[in-house]
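Taking it in order: structure first as structure tokens, then the write-up.
Laboratory data are not the source of any read-out in this text; all were calculated from the coordinates shown. The structure presented is a predicted model; accordingly, all values stated were derived computationally and were not measured. Cβ: placed from backbone, ideal geometry, glycine included. Neighbour counts: every protein chain shown.
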Amino acid sequence: MAAVTAATSGSRGRADPEAVRRAYDTVAADYARLLPDTRAEQPAELALLEAFADAAGPGAVILDAGCGAGRMSRYLADRGHQVEGVDLSPAMVEQARRHHPDLAFRVGSLDRLPYPDGRFTGVLLWYSVIHTPPADLPTLMAEAVRVLAPGGQLLVGFQAGTGTRDVSASYRRLGHEVVLERHLHEVADVAAGLAAADAREVARLVRPGVGHEGEDQAFLHATRARP
């Protein structure tokens, strides 16, 4: 989910899916209202999205993994692709279905994607890995690659760096009392996770943060190896 953060289980440094789900369920309506489309994206990352969509091929079957309220699903569908979205939060999925009733969305976890091997020709993880502590990142990368067909395309967007950022105050200003933090990831670690899952890096983009962004923003495009 672009620009949304994850609650974790504190000192263990492991993700707490129930806390994440509760947080997203709480903020879902405001999230959908404040981020209805791609106006928050910079031209450079939109160009990378276009390259990913083109590489997936005409009418590609693409999974928007961590789809939130469905804004990136809409973006890809409007370019002629068959898009399915999955998200941990039932309230986010409800928003996605409400705003994009022609697309398919379901509830599911990114570390146990509810799809068979090789189901998709493209997988988008657009700021979805910020839910995930670095120790759990290889599992998500392996799952994303698992559901890709050989030669399929994968695009990951995230905030680059190390550590966590508490953004509870951002939602408190909207009247939500939630505990939220996001995890930064080293670009090299994300690339290593993709490589370990048998995905070959095609391109990367790292740009300085602009406006309210406090960190560099990173994007990795990879393809699943062919047998």
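At a glance:
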quantity: Residues with amide H under 5 Å from that of Y127, placed H, sequence gap 5 or more; calculated: G157, F158
quantity: Footprinting exposure proxy for V156, V210, V27 (fewest neighbouring C-beta atoms within 10 Å first); calculated: V210, V27, V156
quantity: Exposure proxy order (Cβ contacts within 10 Å, fewest to most) of Y31, Y24, Y127, Y115; calculated: Y115, Y127, Y31, Y24
quantity: Relative contact order %, the chain, counting alpha carbon pairs below 8 Å whose residues are six or more apart; calculated: 21 percent
quantity: Inter-label distance for R200 and E215, nm, one decimal - labels placed 7 Å from Cα along Cα-to-Cβ; calculated: 3.0 nm
quantity: Label-point gap, in nm, between V107 and A188 - each point 7 angstrom along Cα→Cβ; calculated: 4.1 nm
quantity: Region 79-145 versus region 42-73: alpha-carbon centroid distance in Å; calculated: 12 Å
quantity: Additional length obtainable on full extension of the chain from L46 to T139, 0.36 nm per residue less Cα span; calculated: 30.8 nm
